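*Asks:* I'd like to ask you about the structure that follows.
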Amino acid sequence: MATAQPSRLELDNYDYQLEKIEDTVSMLRGQPYELSSGQIELLQEIGKLARDYPDHETLQSLFARAKLVYEQRLGTRMELTEDMLAYRSREEDVASIIAERAAEHWQGVSDSTKPVGLESLPDPMQTELEEVAGTHVSFVADVEADLFRQNGLNWIGGGSAEYGYVYIDASGRAYTALFEAMRRYQRAVSVLDQGDWHIIAKVVGSHLLVPGEGEGGVGNAYVGWVVEPVAFSVPGVVAAEVSGNPPQATFSAEDELANSLTFTATGVPADASPDDVVRLFVTAIKEKNKELYLACMNPDERTGTSVDYIYDQNIKGFVEHHAHAEPWSVGEIEVIQGGTEAADALEDLFGDGGGADEQEDDGVVKIEQVTVEVRLFDVRGVQTARPRALQLEREDGGQWYIINSFGALAGEDLPRLSSTVAAPPDVLAPLQDYIK
């Protein structure tokens with residue numbers, strides 16, 4: 001039995017509710033989204049009415065819009081090729097080799113330093129430094145959560161009130177060298193979990209500090225041994241050791257890695273199109289090829305304190321959120337400085353013809369800009385975030401350079417929008433009978 005023909009008021013309400021879903025789709029710009037139970041009921045009603053009244057123009061228009069919404073719920077998809085994901089297998093192979101070397105490396109450091117546990121260190125309140133100076137101790141610390149600042153220095157606290165505390169001067173040269181070695185591993189191989197790291201360090205002093213003072217801190221002061229780090233380890237992943245004066249550190253098999261790494265691209269062709277430059281930029285991030293990464297960037301943006309941070313964030317984006325990025329569309333090329341187009345137009349309007357030759361070589365550099373929209377996908381080929389806009393610029397017809405690389409391919413977007421809790425699959429299934 002056919003349902004009753006809807007009133008004008010009901011049709012207006014369908015239009016209003018559908019428009020709200022369409023606004024959400026537009027805001028997500030290709031990301032998949034989950035229909036709520038209420039949204040599913042709306043599409044079902046529109047589908048049933050459109051089926052019962054095939055000649056009703058308004059209902060058929062609503063049905064076409066509802067069908068598009070239903071199709072767009074899956075988001076923009078892209079079929080990823082093996083070549084697009086080859087960098088992941090390469091990374092796994094390299095990480096596996098380094099992990100194997102790391103186990104041997106850490107065992108060698110342990111054998112040579114013979115560290116004791118925290119419980120074996122005497123109470124610094126009752127012990128002279130000379131009795132324990134140079135003793136190596138092994139412990140675990142979270143280099144991010146256990147970091148605190150006191151007396152103008154950064155410290156990392158390890159241990160507990162029960163077994164006693166040890167403090168690493170995180171502003172010191174030994175710690176900095178080790179941390180930089182671990183960071184080089186992340187830039188060359190894979191992002192590390194900033195959780196518990198295993199540490200071997202030697203006792204060099206004692207200090208009264210409040211471990212973890214501040215957010216989440218214990219709030220009590222303890223005298224603990226000050227220790228200088230000798231080696232870090234993320235078990236099953238990588239180890240790093242420091243030596244020399246001034247201190248220098250390397251991670252497991254770092255020299256071997258530097259001599260064996262190869263990349264699919266080594267530079268940017270001078271005639272590369274804007275979308276090709278973006279593809280090379282993506283390749284550089286995937287393969288952790290910093291030289292190529294910088295070659296894609298405006299020369300004025302290749303130095304500075306933020307360059308490494310931005311590079312790290314882009315790499316982290318591909319480890320935690322994305323598997324591939326693809327230039328999706330290229331905008332119109334605009335001349336923002338120099339060139340003869342605007343000057344010619346003015347000459348036509350106001351000149352006497354004598355200025356045409358003078359403006360041919362006015363010494364002004366011609367600068368062009370273009371925007372490339374980039375879409376990001378996970379390993380399934382599902383879009384993971386709103387499209388990113390990369391701006392490129394070139395001077396006098398030279399190479400195109402990216403000028404807004406900050407966080408371009410890093411991180412994730414805001415949570416996906418939904419009016420209510422996502423509908424379970426058994427509620428979504430009947431909708432396919434009406435919107436297909």
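*Asks:* At a Förster distance of 60 Å, what's the computed FRET efficiency of residue 161 paired with residue 80, Cβ-Cβ distance as r, to 0.05?
*Replies:* Computed FRET efficiency for residue 161 and residue 80 comes out at 0.70.
*Asks:* Which of the GluC sites (Glu not before Pro) found in region 55-88 are in a DSSP loop and have at most 13 neighbouring Cβ atoms, other than their own, within 10 Å? Working shown, then result.
*Replies:* Values: sites: 57, 71, 79, 82; in loops: 79.
Answer in residue order: 79.
*Asks:* Still on this structure, I have one more. Output the peptides 129-140, 253-264, 368-379 sorted from most to least packed, where packing is the average of other Cβ atoms within 10 Å over each peptide's residues.
*Replies:* Top of the packing list down: 368-379, 129-140, 253-264.
*Asks:* To continue, here is another question. Test of understanding: what is the full-extension gain from residue 8 to residue 23, defined as 0.36 nm times their sequence separation minus their Cα-Cα distance?
*Replies:* Contour length minus Cα-Cα distance gives 3.2 nm.
*Asks:* Taking the Cα centre of region 1-74 as the origin, how large is its charge dipole in debye, to the nearest 20, when only Lys and Arg (+1) and Asp and Glu (-1) carry charge on their Cβ atoms?
*Replies:* Charge dipole of region 1-74: 200 debye, to the nearest 20.
*Asks:* Assign unit charges at the C-beta atoms only (+1 for Lys and Arg, -1 for Asp and Glu), then state the dipole size of region 187-305 relative to its Cα centre in Debye, rounded to the nearest 20.
*Replies:* 120 debye
*Asks:* To the nearest 0.05, what FRET efficiency results for residue 145 and residue 273 with a Förster distance of 45 Å applied to their C-beta separation?
*Replies:* 0.45
*Asks:* Nearest 20 debye, what's the magnitude of the dipole of region 118-172 about its Cα centre given +1 on Lys and Arg Cβ and -1 on Asp and Glu Cβ?
*Replies:* About 200 debye.
*Asks:* Also, quick follow-up: With every protein chain kept in the model, how would you rank 288, 20 by accessible area, 1.4 Å probe, largest at the top?
*Replies:* Numbers: 288 20, 20 95 Å².
Ranked from most to least accessible, the order is 20, 288.
*Asks:* Let me have the relative contact order for region 111-164, percent, based on Cα pairs under 8 Å that are six or more residues apart.
*Replies:* 36 percent
*Asks:* How high is the relative contact order of region 1-113, in percent, with contacts defined as C-alpha pairs under 8 Å that are six or more residues apart?
*Replies:* 30 percent
*Asks:* Provide 149, 380 ordered by accessible surface of protein heavy atoms (probe 1.4 Å), highest first.
*Replies:* 380, 149
*Asks:* Roughly how many Å² of residue 333 are accessible to a 1.4 Å probe, to the nearest 10?
*Replies:* Using a 1.4 Å probe on the heavy atoms, I get roughly 80 Å².
*Asks:* Still on this structure, please answer the following. Given the Cα-Cα distance of residue 334 and residue 154 and 0.36 nm per residue of separation, how much length would full extension add, in nm? Please list the in-between numbers first.
*Replies:* On the way: separation 180, 0.36 × 180 = 64.80 nm, distance 4.85 nm.
Result: 59.9 nm gained on full extension.
*Asks:* At a Förster radius of 56 Å, what calculated FRET efficiency corresponds to the Cβ-Cβ distance of residue 291 and residue 41, to the nearest 0.05?
*Replies:* Numbers: r = 56 Å, r/R0 = 0.99.
FRET efficiency, residue 291 to residue 41: 0.50.
*Asks:* Within straight cross-link reach of residue 202, meaning Cα distance under 28 Å, which lysines are found once same-chain residues fewer than 8 apart are removed?
*Replies:* 114
*Asks:* How much of residue 163 can a 1.4 Å solvent probe reach, expressed as accessible area in Å² and rounded to 10?
*Replies:* About 120 Å², ignoring ligands and nucleic acids.
The values are calculated or read from the model by the stated rules, or taken from the named source; none is laboratory data. These numbers come from a predicted model, not from an experiment. Neighbour counts run over all protein chains shown; Cβ positions are idealised from the backbone, glycine included. Calculation scope for accessible area: heavy atoms of the full protein, side chains included, ligands and nucleic acids excluded. Shrake-Rupley method; radii C 1.70, N 1.55, O 1.52, S 1.80 Å.
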